[in-house]
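See below for the structure under consideration.
The numbers here are math on the coordinates, done by the rules we state, and not lab data. Quantities reported herein were computed from a predicted structural model and do not represent experimental measurements. Cβ placement follows ideal geometry from the backbone for every residue including glycine, while neighbour counts extend to all protein chains displayed.
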Amino acid sequence: MRSHYCGQVDESLIDQEVELCGWVNRRRDHGGVIFVDLRDREGLVQVVFDPDRAEMFATAERIRNEYVLKVKGRVRARDEATINPNLATGKIEVLGLELTVLNAAETPPFQLDDEGVHEDIRLKYRYIDLRRDEMQQRLRMRSQVTGFIRNYLESNGFLDIETPMLTKATPEGARDYLVPSRTHQGSFFALPQSPQIFKQLLMMSGFDRYYQIVKCFRDEDLRADRQPEFTQIDIETSFMTEDQVMDITEDMIRELFAHVLEVPLPKPFPRMSYAEAMGRFGSDKPDLRIDMELVDIGDLMADVEFKVFSGPAQDPKGRLVVLRVPGGAELSRKQIDGYTDFVGRYGAKGLAWIKVNDVAAGREGLQSPIVKFLPDEALTAILERTGTESGDLLFFGAGNATVVNESIGALRVQLGHDLGMVSREWKPLWVVDFPMFEWNERDDRWNALHHPFTAPSTEDPAELEANPGTMLSRAYDMVLNGCELGGGSVRIHSTDMQNKVFEVLGISDEEAEEKFGFLLDALKYGCPPHAGLAFGLDRMIMLMTGAGSIRDVMAFPKTQTAACPLTSAPSEVSPAQLKELNIKLRKPVGEA
């Protein structure tokens, strides 16, 4: 129906006839001449309708925004005074010769250029929201990224192999979405949280390089970078070490950013241990664009009378840190109180602070309610260790180490954004040497920090059993600008080691057989060493486009309550459907 896209009409087509299709982005009547900005996925072009063609002009008078048109016209140069330098087609326009209204449109529920539309409205009318140039560009980049990744992986010998969507419920850290079986009444499929077990089975089957761009499902509490269904770039290899997996995927990301964004990323990416990341930044996904770090001062405060500091300093499970904020002494008390409320959301009981007005003046140059509780030598030591200068502000985190890491780590990031301290660079890194297990106080047992198929740093099951609290795993995460871009590990390929991990985790032989029997059987029949990694595609596109949420880079996302305003899902189903599945509700469908 068309010869060109609207956004592709340029000066090379002057004096030629073109046929265009698209939506009316804007219509202007300038006293006898009608101008229409016609829009399609490639951009806008101005079409001019004059009254010399009476029938066509009468049609043009009736059209409104979002009408769907077909236009035949002649390309001509614009007058010098009317050139639009902000438009790719701004040096030309199309003189309308024929006009067909393919479809009329009611007044849309919001204007496409209105930035203040509530997200629920945008999601309810997503098909209109997706017409916005911003959304078009984001989804175009998403397509460009997936195309590049497919080409990269296939050129490196990876095979695209699908894995099942209906599978068995397995514990992977979040609740499963369950699907009742009609043919096996009383039993349920689960939607996969990831293809983890299946991709390991593919390695056992001899497909030594696998990838898949695949949907995953997790029934968990949502936030800006979470959705109940999301997309992974899933990768698995055989006979490759963790260093080799990291090298090939790092090269992929480096080439991707160079190709799509023309951004050079460093080679190689820096590497940092989990312990160092938590120590310096309070996070296993540190944002290196922010030049502030957590500084331990527990050794300086262990003997002071101020119990708020000496208590955590003496507690083996406690931590005492200080965060120096350059120039932060300018913050008002109201702003400081706001940051106190902020860390409270992470479990912190308070936020001690010292304004350093004049370093040279000693105690007299310090402003804080806590200064009177600290001896001069302790204050001097804090200022020296943190490299504090006049005009800085010191925030203190004291208490349980986990709470301190989470609260002050989050405060560091919040302050960086609030005070304009985030550099405009891209800062990738690998975080390695994760603990194998973490202790679950509530259940009095060990949990796998990643998943129960991650290989430990030892090949001796007895050593693993003897040292679960200090055992490291062969896991690795790629972090970019404070976001976990992807994570993976070397997998366990030994039956003895897998059984020992289950034992440490408190998974009985019966439970292991019930949930993972097919995997344990497969390990017995010649399992190669294997390792892999999965990237979060939605999160990657969010970062690359500068969007604030992964919902803004998905065509049809759910809300933060895991609902779809467009389709009104989830919804009730008919009693007949429930009867087929032998499911009985406590109350009839539709009853209040």
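For segment 52-148, the square roots a ≥ b ≥ c of the C-alpha gyration tensor eigenvalues yield an a/c of 1.5 or more together with a/b not exceeding b/c, which makes the shape oblate. Estimated from the Cβ-Cβ distance and a Förster radius of 35 angstrom, the FRET efficiency linking PHE188 and PHE148 is about 0.40. Across the alpha-carbon set of segment 290-422, the Rg to Rh ratio works out to 0.93, Rh being the Kirkwood radius. Could you let me know the centre-to-centre spacing of segment 41-94 and segment 386-415, using Cα atoms, in angstrom? The distance from the Cα centre of segment 41-94 to that of segment 386-415 comes to 58 Å.
When you restrict to C-alpha pairs under 8 Å that are six or more residues apart and normalise by the size of the chain, the relative contact order lands at 13 percent. Any idea what log10 I(q)/I(0) is at q = 0.11, 0.28 Å⁻¹ for segment 158-231, Debye with uniform C-alpha scatterers and no solvent? Listed by q, the Debye log ratios stand at -0.33, -1.24. Placing one equal scatterer on every Cα of segment 6-103 and applying the Debye formula, the log10 ratio I(q)/I(0) at q = 0.14, 0.15, 0.22 Å⁻¹ is -0.44, -0.51, -1.15. Label reach from TYR127 (point 7 Å along Cα→C-beta): in segment 57-92, amide nitrogens under 17 Å belong to 66-69. Inter-part distance, segment 441-510 to segment 295-360, computed on C-alpha centroids, equals 34 Å. Counting other Cβ atoms within 10 Å as a rough exposure proxy, the listed residues MET246, MET436 run MET246, MET436 from fewest neighbours to most.
Put a plus charge on the Cβ of each Lys and Arg, a minus charge on the Cβ of each Asp and Glu, and nothing anywhere else: the dipole of the chain about its Cα centre is then about 1620 debye. Across segment 439-485, Cα pairs under 8 Å and at least six residues apart give a relative contact order of 29 percent.
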